[in-house]
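The structure appears right after this line, and notes come after that.
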Amino acid sequence: MSETLEALSRLLTRDVWLLTEEEGNTLVAREVKPETTGALRFTVRRVDVNSVSVLALRSALDEHELVRYAKAAAWAAAKSAQDEEEDGLPPEPDDSEPGDATMRAIATSVSMYAVLSAGMAKPTYEQAHSAIHGTALERALFHAILHWTPEVADPKAPGGS
């Protein structure tokens, strides 16, 4: 039974070894071989990134807000089409609603936070947040979870004794 649990654990979690380096004036983190000198070890778990991201975005912008943004965008498109038919000046831009770039930034931030919260096992994101937030390590961990590639042993290879 414990062999089964260990095998399942290997499928659902993996260690990520990250090494930070300077490239020009930028600090970058890249995944390296286990136990590389100077590398930091993190244990991450497999998560359904799409579901986690969507649920987090929905909770950040509740249904009321999402419907409001959708209605505002539909109204603006209809108004723009109507204005194109009539002679006259185009309408003044409305800065009260967030633009596409702002909404993408919000979505990316919320998604990253949710995925790291769900995917970091050791240390947890809450434990590491103050040390890694806004750093190359944070983005590298997000990408390690996003682009999950567990190293699974070949099932046809002879097992250990």
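The values are calculated or read from the model by the stated rules, or taken from the named source; none is laboratory data. It should be emphasised that the depicted structure is a prediction, and the values quoted were computed from it without experimental measurement. So basically every Cβ, Gly included, is an ideal-geometry build from the backbone, and we count neighbours across all protein chains shown. The protein model used for the area step is the full one, side chains on, heavy atoms only, and it has no ligands, DNA or RNA in it. Shrake-Rupley method; radii C 1.70, N 1.55, O 1.52, S 1.80 Å.
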Percent accessible area from carbon and sulfur atoms, region 1-58, protein chains only, probe 1.4 Å: 52 percent
Amide H contacts under 5 Å for Met120, placed H, 5+ residues apart: Arg45, Tyr125
Packing-based order for 43-53, 132-142, 69-79, 114-124, using average beta carbon neighbours within 10 Å, highest first: 114-124, 132-142, 43-53, 69-79
